[in-house]
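First up is the structure itself, then whatever we jot down about it.
The values are calculated or read from the model by the stated rules, or taken from the named source; none is laboratory data. It should be emphasised that the depicted structure is a prediction, and the values quoted were computed from it without experimental measurement. Note that each Cβ is placed from the backbone with ideal geometry, even for glycine, and that neighbours are counted across all protein chains shown.
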Amino acid sequence: MMETVTITMKNLPALYLEADNISPDVFAGKTAEQIAGLDVFEGNTTQTLGKYFEVTGKAGATAADTKIVVKGDVKKVKYLGFKMTAGEMLIEESADLYVGAWMKGGKITAKKNVAAFAGLAMKGGELNIEGDAGNYLGTAYRGDWRGMSGGKIHVKGNAGSDIGMYMKGGEIVIDGNIDVHPMTHAEGGRLVVKGNAKSKIGGQSLQGDIIIFGDIEVMMPGFKPVDTVELEIDGKKAKFSHFIGDMGERHKKKKGQVMYMNLYKKL
Amino acid sequence: MAEYLIKNGHVFDPVQGIKGDKADVAIKDGKIVDKVGSSAKVIDAKGMTVMAGAVEIHSHIAGPKVNLGRIYRPEDKLFSCTPTHGMERMGGGASIPTTFKTGYEYAKMGYTTAMEAAMPPLFSRHVHEEIRDTPIIDEGAYPVLGNNWFVLEYLRNHEVENTAAYIAWLLKVTKGYAVKVVNPGGTEAWAWGLNCLSIHDPVPYFDITPAQIVRGLIEANEYLGLPHSMHIHPNDLGNPGCYQTTLDTLALAEGLKTHNKFGREQVMHLTHTQFHSYKGTNWADFESGAKEVTDYVNAHKNITIDTGNVTLDETTTMTADGPFEHHLTGLNHLKWANVDVELETAAGVVPYIYSPNISVCAIQWAIGLEIPLMMKDGMRCYITTDHPNAGPFTRYPRVFKWLMSTKAREAQINAFKHKDKVLSQTSIGSLDREITFYELAQMTRAGPAKSLGLSAICGGLKPGMEADVAVYNIDPDKPIANPDDIEKAFSRCAAVFKSGVQVVSNGEIVSNGHKRTLWVDVKTKENAQVKRDISEKFVKYYSVTQNNYEALGHHFVPNPFAIEVDATQV
């Protein structure tokens, strides 16, 4: 049976809070008191969740039966939904870095904005952002070459730069505009941008799909026009110019066919 | 200093030939002694295994290429950090741990001495700063010499005496321990975009071959009578068919005898033998050459080896074999870093995942185990992972488990995706030898200590030796029900003493000890030519002055332990 835990910010931290325990997986099976006793880190000090948040309700028996509602100002709270595998999370206000990082399942809805590195190395589940997303959405951890590999990220607003870097699978849909460097080094996955894109689209990418409905400010010289295709996106058909790239990179063969990153720009 | 008496443990000490007898080990003033007074603190080791502190002969744990790995692999620290607790400072990193974590992890497994296997002389100051910041364990570092311009120029004309004088000077200014050779000539060739894949490939410009470099460095090493022998990573590492180059390299030591006062018997130490024991012509027909290589080493007493066991982990490869790392990044397409070290050496770094689902990795795992299982004399074959190249050193307990239990090996073989290929390309399935506790003590203590010329100091429990002692919570008299118990016991010692100070208790660090830097101080006859050559090279080529080259004083080597060698009478 689905149970709901509500955590409400009552004492704003002076520093940023590293709250990697705020997830249905950790909360599952715990009472409000137990949840309030979980560790969070403020700077180099270990504190309890209850020092900053008022905790009400209780968690379900498993992560899948647990919904977390995060209320109040969490602009200085990192790692909401860290490594979650199931259940739900609703974040009512704007959150800091790493929302849904290493997420494997379940659903997160952020009603406002999220800062950088949301959906980092995500493997599954759904991450819905109703405001704007920061830079490095759905990318690999710093230095790593294993980015988002599954699941779905939907941003209703705009997204920042370097989204989908080292992406290997899954889908990112941005209703608004994006900044530079989407899908750098990507080896799979799909990025749909309903608005405009800037430059360096799919630089050094090997495989995957990028679909841009709006304008592209500057095209990459490493992409080559091949044909015009009709695609059906969200039930609507439209014509797109089709490019392949990045021609400066190595490309794998699959069943005798060389695999490329496909860039589709709406005509 | 406190006195200790480790009572009733099963002692394994190849130095004294003790094979698991119940005995007491007494410690006083930092040394092993015959007996201690009644006030000595008693450690009850009943039902436990007692050995000397283990000695690591080849590991990459300090210096610029290790740090380059740390810098360019932040993901190696992801989820592997430990916060400050008790005596321990914070640490992190799985395959390239921070200096503090390196010291703690070695000590917790009962290691008390470790050798950094490749020190670029120009960066010896950096190496020593990291050694200084690695607590507990005594450490030394081997300067790399197989691609050094002085060495190439002297040995081209077979000037062994000048080479020896240069080595003596270099050991002094870099506070180095031994003569290390990595891909002789090949790394210098790499600066020209080339490589030396056989011992007869000429080195560009220098007009010398790897064979001449290796033979000349053995002669120079024995001219000086250094504690350790020439320590070699041969040409053609890691390629199918490379075992032939390995055999050619080993044959260069044929007939050469050692000359030293340290009890060392070999003239050549072949390192990470696993990487040099490959047969086949490509990655599809890749197979083990462990039998050919160990047959040769078994028959030649003037060679010692270490294994380089693949541990099936994600790790970071790093070597002064620059061309090999470039080759490797071409195979796995992961990030590559390369460094050139002026007239001395180079280095490359590439992450690597030894996956049990890839047949080549599984065969490499098997070759690494075949080597010690095929070696007849545990005093001449030492366990290493060539940390971090074949796997992190923190996996030693798992390697011990595979070596000590056929059951554990079978379980791993059955877990491989390409089990049949592992069995057809290696003989791991037919080897039923299980390494005993005594042989393990040879392969991890007495053996490497003897090879390093440290047999009077460490690697044993004879009265008068350093009180480096490890107590493991495993009873060698009882049959081992679950091989994982071996791994567990060797992972976290019940107690560890370093030079008579208890540094580990119940698997936790209880003291940072008095860590020392081992180096070799050789006195030679004045050699005006070499002196002039050195100052000329600094003026003409080096980016630093000779005055800024030496690792000198308390900042770099706060607690030196010099091993004296007198080569003035040669």
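Evaluate the following for residue B:287: is it in contact with a helix residue (DSSP H, G or I) (Cβ under 7 Å, 6 or more places away or on another chain) and modelled with pLDDT of 95 or more? For residue B:287, the condition - in contact with a helix residue (DSSP H, G or I) (Cβ under 7 Å, 6 or more places away or on another chain) and modelled with pLDDT of 95 or more - is met. Within region B:433-451, residues that are farther than 23 Å from residue B:232 by Cα reach partners that are among the polar types (S, T, N, Q) and assigned to a loop (DSSP other than H, G, I, E, B) with beta carbons closer than 8 Å, at six or more positions or on different chains, in the pairs B:434/B:405.
When you look at residue B:283, is it over 21 Å from residue B:63 (Cα atoms), of a type in the set (Phe, Trp, Tyr) and surrounded by fewer than 17 Cβ atoms within 10 Å (Cβ to Cβ), yes or no? Spelling it out, residue B:283 is indeed over 21 Å from residue B:63 (Cα atoms), of a type in the set (Phe, Trp, Tyr) and surrounded by fewer than 17 Cβ atoms within 10 Å (Cβ to Cβ). Can you find a residue in region B:214-225 that is in contact (Cβ under 8 Å) with a residue 60 or more places away in the chain and either part of a loop (DSSP other than H, G, I, E, B) or of a type in the set (Asp, Glu) (or both)? Looking through region B:214-225, at least one residue is in contact (Cβ under 8 Å) with a residue 60 or more places away in the chain and either part of a loop (DSSP other than H, G, I, E, B) or of a type in the set (Asp, Glu) (or both).
Selection over region B:326-340 of residues that are of a type outside the set (A, V, I, L, M), away from chain A (no Cβ under 12 Å) and either assigned to a helix (DSSP H, G or I) or in contact (Cβ under 8 Å) with a residue 60 or more places away in the chain (or both) gives a count of 3. When region B:158-178 is filtered for residues that are buried (at least 24 other Cβ atoms within 10 Å of the Cβ), hydrophobic (A, V, I, L, M, F, W, C) and more than 11 Å from residue B:522 (Cβ to Cβ), only B:178 remains.
Each residue in region A:154-170 was checked for being of a type in the set (D, E, K, R) and either outside any loop (DSSP other than H, G, I, E, B) or within 14 Å of another protein chain (Cβ to nearest Cβ) (or both), and 1 of them qualify. Does region B:511-534 contain at least one residue that is polar (S, T, N, Q), in contact with a Pro (Cβ under 7 Å, 6 or more places away or on another chain) and either in a strand (DSSP E or B) or crowded, with 17+ Cβ neighbours inside 10 Å (or both)? Looking for residues that are polar (S, T, N, Q), in contact with a Pro (Cβ under 7 Å, 6 or more places away or on another chain) and either in a strand (DSSP E or B) or crowded, with 17+ Cβ neighbours inside 10 Å (or both), one finds at least one in region B:511-534, hence yes.
Just a yes or no: is a residue in region B:227-243 over 27 Å from residue B:290 (Cα atoms) and either touching a residue at least 40 places away in the same chain (Cβ under 8 Å) or in contact with a strand residue (DSSP E or B) (Cβ under 7 Å, 6 or more places away or on another chain) (or both)? Checked against the condition, which is being over 27 Å from residue B:290 (Cα atoms) and either touching a residue at least 40 places away in the same chain (Cβ under 8 Å) or in contact with a strand residue (DSSP E or B) (Cβ under 7 Å, 6 or more places away or on another chain) (or both), region B:227-243 yields at least one hit.
Within region B:95-107, the set of residues being among the β-branched types (Val, Ile, Thr) and within 14 Å of another protein chain (Cβ to nearest Cβ) comprises B:96 only.
In this structure, residue B:47 qualifies as at pLDDT 95 or above, of a type outside the set (Val, Ile, Thr), surrounded by fewer than 18 Cβ atoms within 10 Å (Cβ to Cβ) and under 30 Å from residue B:450 (Cβ atoms). Scanning region A:226-253 for residues that are out of contact with any strand residue (DSSP E or B) (no Cβ under 7 Å at 6 or more places or on another chain) and free of Cβ contacts under 8 Å to residues at least 40 places away in the same chain gives A:232, A:234, A:235, A:236, A:253. In region A:55-68, the residues that are under 11 Å from residue A:26 (Cα atoms) form Cβ pairs under 6 Å with partners that are among the basic types (Lys, Arg), at six or more places apart or across chains, as follows: A:59/A:30. Just to be sure, is residue A:102 touching a residue at least 40 places away in the same chain (Cβ under 8 Å) and within 14 Å of another protein chain (Cβ to nearest Cβ)? No.
Taking the conditions exactly as written (touching a Phe, Trp or Tyr at 6+ places or on another chain (Cβ under 7 Å) and crowded, with 24+ Cβ neighbours inside 10 Å), does residue B:437 satisfy them or not? It would help to see each step written out before you state the result.
Working: touching a Phe, Trp or Tyr at 6+ places or on another chain (Cβ under 7 Å): yes; crowded, with 24+ Cβ neighbours inside 10 Å: no.
The answer is no for residue B:437.
For region B:306-320, residues that are more than 12 Å from every other protein chain (Cβ to nearest Cβ) and closer than 10 Å to residue B:389 by Cβ total 6.
Could you check, for region B:374-386, whether at least one of its residues is in a helix (DSSP H, G or I), in contact with a Cys (Cβ under 7 Å, 6 or more places away or on another chain) and either buried (at least 20 other Cβ atoms within 10 Å of the Cβ) or within 14 Å of chain A (Cβ to nearest Cβ) (or both)? Within region B:374-386, none of the residues are in a helix (DSSP H, G or I), in contact with a Cys (Cβ under 7 Å, 6 or more places away or on another chain) and either buried (at least 20 other Cβ atoms within 10 Å of the Cβ) or within 14 Å of chain A (Cβ to nearest Cβ) (or both). Within region A:230-266, track down each residue that is assigned to a strand (DSSP E or B) and loosely packed, with under 13 Cβ neighbours inside 10 Å. Correct list: A:230, A:232, A:236, A:237, A:239, A:253, A:254, A:257, A:258. Within region B:67-94, residues that are closer than 28 Å to residue B:123 by Cβ and more than 10 Å from chain A (Cβ to nearest Cβ) sit with their Cβ atoms under 6 Å from residues that are part of a helix (DSSP H, G or I) and at pLDDT 95 or above, at 6+ positions apart or across chains, in these pairs: B:88/B:104; B:89/B:100; B:91/B:100; B:91/B:101; B:93/B:76; B:94/B:76.
For region B:109-146, the candidate set comprises residues that are charged (D, E, K, R), surrounded by fewer than 24 Cβ atoms within 10 Å (Cβ to Cβ) and touching a strand residue (DSSP E or B) at 6+ places or on another chain (Cβ under 9 Å); within that set, the residue that is farthest from residue B:76 (Cα to Cα) is B:132. Within region B:82-108, being among the acidic types (Asp, Glu) and either touching a strand residue (DSSP E or B) at 6+ places or on another chain (Cβ under 7 Å) or assigned to a loop (DSSP other than H, G, I, E, B) (or both) holds for one residue alone: B:88.
Of all residues in region B:1-37, those satisfying the criterion of being out of contact with any strand residue (DSSP E or B) (no Cβ under 6 Å at 6 or more places or on another chain), hydrophobic (A, V, I, L, M, F, W, C) and at pLDDT 95 or above are B:15, B:32.
Filtering region B:389-408 to residues that are part of a loop (DSSP other than H, G, I, E, B) and in contact with a Pro (Cβ under 9 Å, 6 or more places away or on another chain) leaves B:392, B:405. Determine if region A:175-193 includes at least one residue that is under 10 Å from the mean Cα position of the chain (by Cα), within 14 Å of chain B (Cβ to nearest Cβ) and of a type in the set (Val, Ile, Thr). Scanning region A:175-193 turns up no residue that is under 10 Å from the mean Cα position of the chain (by Cα), within 14 Å of chain B (Cβ to nearest Cβ) and of a type in the set (Val, Ile, Thr). For beta carbons closer than 8 Å, sequence separation of 6+ or different chains, a first residue in region A:126-153 that is within 14 Å of chain B (Cβ to nearest Cβ) and surrounded by 24 or more Cβ atoms within 10 Å (Cβ to Cβ) and a second that is in a loop (DSSP other than H, G, I, E, B) and among the charged types (D, E, K, R), the qualifying pairs are A:136/A:162; A:139/A:162; A:147/A:168.
When only residues in region B:1-44 that are of a type in the set (Val, Ile, Thr) and free of Cβ contacts under 8 Å to residues at least 40 places away in the same chain count, which is surrounded by the most Cβ atoms within 10 Å (Cβ to Cβ)? Show your work before the answer.
If we filter region B:1-44 for residues that are of a type in the set (Val, Ile, Thr), which is where we start, we get B:6, B:11, B:15, B:18, B:25, B:27, B:32-33, B:36, B:42-43.
Subset that is free of Cβ contacts under 8 Å to residues at least 40 places away in the same chain: B:36, B:42.
Values: B:36: 18, B:42: 14.
Per the stated criteria, the residue is B:36.
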